[in-house]
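Structure first, commentary second.
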Amino acid sequence: MTGNFQVFSLQAPDQLRDHKKRKPHKKTRGGCLSCKVKKVKCDQARPLCARCHRNGLPCSYSPSSSSKPSAAVVSSSTSTSSSPKSIPQSLHISLFPASHPSCGTPPDALLHHFQLNWASIFVLPNLGIPTTFHVPLVHLAIGRPHLLSALMSVSAAHLRHHTPNPGSHLLAEHFQQAIALRTFNELISQGMSSIPPTEIGILLLTAILFNLLTFALPADEDPAPGADTTPLELWEPDPSRSWVFSTKPTRLDWLAVQLGLRELVIASMPYRDQAQDLEAKKYDPLTEAEARDDKIPPNGPELDPRVPDTWLEVFGIGRKPPEGSRKRCLLHPLEKRKLKKKEMPSLDDDEEMREYLFREPLFLLAETRDSAPTMSNVFHYLQFLGKLEPEFKTLLYDRDPRAMWAFGYWLGLVCRFDYIWWVTRRARRDFTAIVIWLRSSGVTERPGREGLLWAEMMRDLEESIHWAPGAERSKSKLSNE
């Protein structure tokens with residue numbers, strides 16, 4: 001067969017022209033994962049390519065996308081020193097044994113992915129954090145396997161959400177998380193007094209990473225039907241698989257992890273105050289949240305007009321806290337224990353318990369809904385979880401309508417951050433599930449004023465996902481009335 005192909009032209013039937021071969025060009029395989037899914041050209045800028053930056057998409061690169069492996073991840077035969085912007089070689093020498101397929105994605109690949117994509121993993125581009133923040137963070141992990149494995153587990157979870165064929169990343173996520181949990185538990189089981197004060201903030205940083213991992217929707221709860229060919233992030237989560245409709249006794253274990261952080265923070269307060277090392281204090285991630293708490297009066301916040309009258313009536317609390325009450329973080333452990341012993345079915349008749357469980361969460365919900373969903377406010381949005389007591393989780397477990405509404409409202413607020421990979425899927429799924437459950441439970445059909453109040457509560461709930469400044473929302477409400 002001849003290689004001289006001819007092209008037939010209808011415009012010039014008497015002439016045939018030679019087929020012109022395309023000039024050879026170099027194809028790139030190093031584009032980010034979002035651009036690969038869309039099959040568009042990627043400029044390969046790091047940590048965010050131009051297209052992902054323009055469209056607000058998560059930008060991440062597969063571990064093998066770099067044509068030249070970074071010295072931060074792959075040991076170089078020509079250099080044994082670590083530059084200021086590289087990950088120390090000691091990590092690979094002492095902490096990375098030969099990888100095994102049963103452990104999933106190799107540790108060096110996970111650390112490499114973290115190094116290249118840390119801004120996309122934590123999605124904190126506007127908080128003034130230096131672009132080389134991952135360097136001191138990884139340096140902190142030297143000799144601290146709880147932090148190192150937690151970082152690698154988060155890196156694996158990020159890969160699982162953004163790449164097709166996530167099986168290997170899922171194995172690595174579970175494997176590294178198991179190591180992190182084991183070493184973390186061994187450390188805290190010794191008691192806070194035995195841990196050096198300079199280590200407390202780093203310990204809390206690991207706990208925050210655990211919260212991130214457990215908040216991210218697990219694969220077994222929401223398997224995407226095309227996960228073998230399409231990244232998980234492109235599949236809409238299924239509300240029917242939410243804990244809201246589950247009967248499993250373990251359905252709220254993920255929330256128990258979230259709530260446990262607050263207890264760890266309170267237990268560590270006396271020891272963190274002893275820390276004199278400024279470097280350690282710099283990595284203590286809870287300073288801002290504690291500063292907000294300090295502004296709340298000792299007897300709890302007064303609920304100003306930002307908290308609608310409807311909310312107060314449904315939850316059965318007043319604008320001013322009762323005389324002699326104190327915000328929960330100031331309660332003595334024995335006082336907390338007495339409250340915990342009270343029977344939850346008596347909630348309607350127990351003003352003290354309602355104050356204890358609902359005042360601060362409602363205050364924070366009303367305050368947060370007027371806050372713009374910017375990255376500078378993300379910690380303020382997430383602070384709601386730090387206001388919940390273990391008894392609140394019990395109410396959710398029993399599907400108490402008030403607790404379900406309050407938690408659903410917070411999820412609606414969090415849905416505004418549709419670009420945070422570890423938040424978006426769970427928030428959207430569980431928010432939708434709670435709305436469906438409350439509607440089907442018939443709260444709006446209750447007789448008399450109660451049904452009217454719940455109808456207004458449901459309108460507020462369904463509008464929570466949309467942000468509008470307070471003045472604009474008031475105008476909209478007046479026009480609807």
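At least 3 residues being among the aliphatic types (A, V, I, L, M), modelled with pLDDT of 80 or more and under 22 Å from SER155 (Cβ atoms) is the threshold, and among the helices (runs of 4 or more DSSP H) wholly inside the range 177-282 those reaching it are 197-215.
For the range 440-456, a tally of residues being surrounded by 14 or more Cβ atoms within 10 Å (Cβ to Cβ), assigned to a helix (DSSP H, G or I) and out of contact with any Ser or Thr (no Cβ under 6 Å at 6 or more places or on another chain) returns 4. With respect to VAL423, is the statement that it is surrounded by fewer than 22 Cβ atoms within 10 Å (Cβ to Cβ) and not aromatic (Phe, Trp, Tyr) true? Criteria not met by VAL423. Close Cβ contacts (under 6 Å, 6 or more residues apart or on different chains) running from residues in the range 433-459 that are aromatic (Phe, Trp, Tyr) to residues that are assigned to a helix (DSSP H, G or I) comprise TRP437/VAL244; TRP454/VAL443; TRP454/THR444. Helices (runs of 4 or more DSSP H) fully within the range 328-406 that include at least 3 residues being modelled with pLDDT of 80 or more: 351-368, 378-382, 390-397.
The C-beta contact set for the range 172-195 (first residue in the same structural domain as ASP108 (by TED's automatic domain parsing) and in contact (Cβ under 8 Å) with a residue 24 or more places away in the chain, second residue surrounded by 20 or more Cβ atoms within 10 Å (Cβ to Cβ) and not in a helix (DSSP H, G or I), distance under 8 angstrom, 6+ apart or interchain) comprises ALA172/GLY104; ALA172/THR105; GLU173/GLY104; HIS174/GLY104; PHE175/GLY104.
The values are calculated or read from the model by the stated rules, or taken from the named source; none is laboratory data. Fair warning: this is a prediction, and the values are worked out from it, not measured in the lab. In this analysis, Cβ positions are derived from the backbone assuming ideal geometry, glycine residues included, and neighbour counts consider all displayed protein chains.
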